[in-house]
Amino acid sequence: MIGQRLTAWFYFAAWRILRWLPENFVYTSAYKLADLATKRNGSGVKRLRSNLARTQKDITDLDLELLLYKAMRSSTRYWVDTFRLPDWSVERIQKTVTTTDEHLLMDAIEAGTGAIVTLPHFGNYDHAAAYFCSRGARIVTVAERLKPEALFKKFMAYRAAFGMESLPVDGRVIPTLSQRIRQGCVIALAADRDLSRTGIDVTFFDGPARMPAGPSLLAIRTGAPLIYACISYTDIGIHIDFEMVPISAQGSENERVAATVQNSADLFAKGISRFPYDWHMMQRIWIDGDFEERE
């Protein structure tokens, strides 16, 4: 309980203090802290190293360490962006985003038909959501319930401030998301890690993993387009590449969902292969036990 309160205090303090300090000082200091955390090699760093190693065939130990340092800086940049984004103007948000094939999403937004965007924990998805909210999208996501409750409510309020609705993960979330799609909303879901432990088995970078069925199930049941987004960092902000996820039309609903989740996993792998340093995954993804972690 004390640990949860300290964690909440840290986040609340960061949301205030990092918005007061000069921008260059904040980012420069944050990158130094990221380098220090990498050197200390805690459990999160070890897991990130292991995950990155599986995405890069035949990578040398030196190149893996250089990639790890860059990935830790990218992850830290996400958090600093998060703490400072409430002070960004709409103009800044829009000018710092570039896209490829954004019509895949904008066509659905303008038609009011609803859409599902699926993506890995990649780049800065809040920045991307704020960009599309500023252009008239109604975006809904789900969030893992954090402890203490005050911290969870803070994150929900943070996203609500730029126009995104955040729903807690529970047994009612799929019906609620289906309703939001019928209302013309965009459902944005990070789907490279299964939180329920009842996900779909996929092959991911030649290894067995499990990923959530939610985005594919929603697309199959509602008929809304399922769109993959790859969000990578640029010097000035983020770039978003969009691509349609092929939706399987063969077999039972369960078989169609499984095949579509695999199609999503393949697109995730393609994006991560291009920008591995912007994949901020410090939790276990693969479910086999025979891969030797590189520490």
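No value in this document is a laboratory result; all are computed from the given coordinates. Since we're looking at a predicted model, the values are computed, not measured. When we count neighbours, we look across all protein chains shown, and the Cβ atoms used for this are built from the backbone with ideal geometry, even at glycine.
For residue 112, the shell of other residues with beta-carbons less than 15 Å away shows a net charge of +2, using +1 for Lys and Arg and -1 for Asp and Glu. Have a look at the DSSP beta bridges in the chain and tell me what percent are antiparallel, nearest 5. Of those bridges, close to 40 percent are antiparallel. Using a simple spin-label model with pseudo-atoms 7 Å out from Cα toward Cβ, residue 266 and residue 88 lie 3.3 nm apart. Residue-wise HN-Hα couplings along region 180-192, as the Karplus relation 6.51 cos²θ - 1.76 cosθ + 1.60 with θ = phi - 60° gives them from phi, are 5, 4, 5, 8, x, 7, 9, 9, 10, 9, 6, 9, 9 Hz; Gly and Pro carry x. Structural descriptor for region 2-278: relative contact order 22 percent, calculated from alpha carbon pairs under 8 angstrom and at least 6 residues apart. By the count of neighbouring beta-carbon atoms within 10 Å, fewest first, 247, 139 end up ordered 247, 139. Rounded, prolate or oblate: pick one for region 7-138, where a ≥ b ≥ c are the square roots of the eigenvalues of its C-alpha gyration tensor, a/c under 1.5 means rounded, and failing that, prolate if a/b is larger than b/c, else oblate. Note, shape of region 7-138 comes out oblate. Residues with beta-carbon under 12 Å from that of residue 30, excluding residue 30: net charge, scoring Lys, Arg +1 and Asp, Glu -1? Its environment carries a net charge of +1. Applied to region 62-70, the Karplus parametrisation 6.51 cos²θ - 1.76 cosθ + 1.60 on θ = phi - 60° returns per-residue 3J(HN,Hα) values of 5, 5, 5, 5, 5, 5, 4, 4, 5 Hz, with x for Gly and Pro. Here, the chain has an Rg and a Dmax of 18.8, 57 Å when only alpha carbons are counted. With R₀ fixed at 30 Å, the C-beta to C-beta distance from residue 107 to residue 176 puts the FRET efficiency at about 0.80. Around residue 181, with a cut-off of 12 angstrom between Cβ atoms, what is the net charge of the other residues, counting Lys and Arg +1 and Asp and Glu -1? Overall, the nearby charge balance is +4.
The overall shape of region 204-295 is oblate: from the C-alpha gyration tensor, with semi-axes ordered a ≥ b ≥ c, the ratio a/c is 1.5 or greater and a/b is no larger than b/c. Which far-off residues, 5 or more places away or on another chain, put their amide H under 5 Å from the one on residue 102, with H placed in the peptide plane? The list, which skips near neighbours in sequence, is empty: none.
For the pair residue 28 and residue 274, the difference between a 0.36 nm per residue extended length and the Cα-Cα distance amounts to 86.0 nm. The lysine pair count for region 2-278, using Cα distances under 26 Å and pairs eight or more places apart or on different chains, is 12.
Treating r as the C-beta distance of residue 35 and residue 10 and R0 as 30 Å, the FRET efficiency rounds to 0.95.
Close amide-amide hydrogen proximity is noted between residue 228 and 118, 243, 244, 245, each under 5 Å apart and 5 or more residues distant or on a separate chain (H modeled in the peptide plane; Pro and chain starts excluded).
Applying the criteria of a DSSP loop state and at most 11 other Cβ atoms within 10 Å to the GluC sites (Glu not before Pro) of region 88-178 yields 144. One chain, two ends: residue 95 and residue 161. Fully extended at 0.36 nm per residue, the span grows by 21.8 nm beyond their Cα-Cα distance. Under 5 Å from the amide H of residue 167 lie the amide H atoms of 141, 142, 143, each residue being 5 or more positions distant or on a separate chain, with H modelled from the backbone and absent for Pro and chain starts.
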